[in-house]
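Trainee: First the structure, then my questions, so here it is.
The values are calculated or read from the model by the stated rules, or taken from the named source; none is laboratory data. Since the model is a prediction, treat every value here as computed from it, not as a measurement. Positions of Cβ are generated from backbone atoms using ideal geometry, with glycine treated the same way; all protein chains shown enter the neighbour counts. Ligands, DNA and RNA are excluded from the accessible area calculation, which covers all protein heavy atoms including side chains. Shrake-Rupley method; radii C 1.70, N 1.55, O 1.52, S 1.80 Å.
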Amino acid sequence: MARSRRIPDAFTGFDPGALRFLRGLRRHNTRAWFEEHRTEYETLVREPMRALIEELDVRLARLSPELIVDPRRAMFRIHRDVRFSGDKSPYKAHASCWLYHRDAGKGVGQDAHGGAGLYVHLEPGASMVAGGLWMPAKPALDLVRATLLDAHEAFAAIVTARGFRRRYGALSEEAMLVRAPRGVDPGHPAVPWLRYKSFTVHRMLDDAAMQAATLPDVLEKDFAAMLPMVRWLNTALGFPPAERRL
């Protein structure tokens with residue numbers, strides 16, 4: 001028999017205790033401390049994040065039905081992957097979720113095969129909402145660049161629109177090329193965009209915003225603003241928009 005999907009309580013904002021827990025975890029990042037405070041994590045961080053994702057599911061069913069919004073798949077584990085890291089701290093001192101295209105993988109970054117999506121990050125003094133395609137693997141980056149060569153005007157119109165820039169500023173300049181990619185005419189009008197290796201924007205959210213019951217309303221506005229960019233990127237990768245949920 002299939003297991004039923006448990007519906008969390010309605011989201012009413014993250015309790016101040018969630019931020020206290022994460023500050024404590026940052027100071028005492030050990031398995032012993034975490035196990036001693038596991039109930040706080042589950043009740044103050046994990047369950048409210050699950051409830052937030054459920055609320056966002058309802059809203060994104062209208063805005064962008066191709067995105068997966070499921071607590072079991074969207075919320076990141078708090079355990080860190082320390083296999084290839086010099087930092088052996090076992091836990092992340094934040095909580096987050098990634099809402100991604102149903103035809104893409106969940107992974108992000110150069111070793112993954114995911115698409116563009118939307119991101120929510122809870123961390124004391126450093127919470128944010130973000131969106132886009134972060135440091136894609138070379139095959140995905142090549143697809144985006146090939147599309148930019150022919151359709152850079154449409155992309156530029158999205159990310160340079162006055163309202164978009166007022167809300168998010170410019171695209172993140174993480175790991176940008178100094179000049180045009182190899183084999184591209186340096187005078188091509190798409191070069192300013194071809195130099196990017198990551199296509200993301202973000203907006204910081206203060207602790208009060210994360211503790212408010214109105215957080216889903218705030219995130220919905222940001223998601224609506226980011227979606228034209230996210231959909232442009234996903235379409236370039238072969239992940240088209242959808243009119244309804246499967």
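Trainee: Could you check T147 against (1) within 25 Å of V58 (Cβ to Cβ); (2) open to solvent by less than 60 Å² (accessible area, probe 1.4 Å); (3) among the hydroxyl-bearing types (S, T, Y) and say which number it fails?
Mentor: The one condition T147 does not meet is (1).
Trainee: Starting from the range 207-219, keep only residues that are acidic (D, E), then list their pairs with residues that are at pLDDT below 95 and assigned to a loop (DSSP other than H, G, I, E, B) whose Cβ atoms are within a distance under 6 Å, requiring at least 6 positions of separation or different chains.
Mentor: Qualifying pairs under 6 Å: none.
Trainee: For the range 103-119, does any single residue satisfy the condition of being modelled with pLDDT of 95 or more and open to solvent by 10 Å² or more (accessible area, probe 1.4 Å)?
Mentor: Checking the range 103-119: at least one residue is modelled with pLDDT of 95 or more and open to solvent by 10 Å² or more (accessible area, probe 1.4 Å).
Trainee: If you don't mind, another one. Working only within the range 38-47, note down all residues that are surrounded by fewer than 15 Cβ atoms within 10 Å (Cβ to Cβ) and not β-branched (V, I, T).
Mentor: Within the range 38-47, the subset surrounded by fewer than 15 Cβ atoms within 10 Å (Cβ to Cβ) is 38-39, 42-43.
Answer for the range 38-47, where residues must be surrounded by fewer than 15 Cβ atoms within 10 Å (Cβ to Cβ) and not β-branched (V, I, T): R38, E42.
Trainee: Give the residues of the range 198-223 that are among the aromatic types (F, W, Y) and over 19 Å from E55 (Cα atoms), sorted by residue number. Step through it out loud before you land on a result.
Mentor: Residues of the range 198-223 that are among the aromatic types (F, W, Y), as a first pass: 199, 223.
Passing the criteria: only F199.
Trainee: Within the range 5-24, is there a residue that is in a loop (DSSP other than H, G, I, E, B), surrounded by 14 or more Cβ atoms within 10 Å (Cβ to Cβ) and at pLDDT below 95?
Mentor: Yes, the range 5-24 contains a residue that is in a loop (DSSP other than H, G, I, E, B), surrounded by 14 or more Cβ atoms within 10 Å (Cβ to Cβ) and at pLDDT below 95.
Trainee: What number of residues within the range 93-108 satisfy the criterion of being touching a residue at least 40 places away in the same chain (Cβ under 8 Å) and basic (K, R)?
Mentor: 1
Trainee: Here's another thing I want to ask about it. Out of (1) more than 22 Å from D9 (Cβ to Cβ); (2) part of a loop (DSSP other than H, G, I, E, B), what's the single condition that is false for R77?
Mentor: (1)
Trainee: Continuing with this model, one more query. Looking for something in contact (Cβ under 8 Å) with a residue 12 or more places away in the chain, part of a helix (DSSP H, G or I) and surrounded by 14 or more Cβ atoms within 10 Å (Cβ to Cβ) - is there at least one such residue anywhere in the range 133-142?
Mentor: yes
Trainee: Something else about it: Anything in the range 78-97 that is within 14 Å of R31 (Cβ to Cβ) and surrounded by 11 or more Cβ atoms within 10 Å (Cβ to Cβ)? List them, or say none.
Mentor: Applying the first criterion (within 14 Å of R31 (Cβ to Cβ)) to the range 78-97 yields 78-80, 82, 88-92.
Those that are within 14 Å of R31 (Cβ to Cβ) and surrounded by 11 or more Cβ atoms within 10 Å (Cβ to Cβ): I78, H79, R80, V82, S89, P90, Y91, K92.
Trainee: So, one more: Out of all the residues in the range 154-192, which are polar (S, T, N, Q) and open to solvent by 60 Å² or more (accessible area, probe 1.4 Å)? Working first, answer last.
Mentor: Step one: of the range 154-192, the residues polar (S, T, N, Q) are 160, 172.
Correct list: T160 only.
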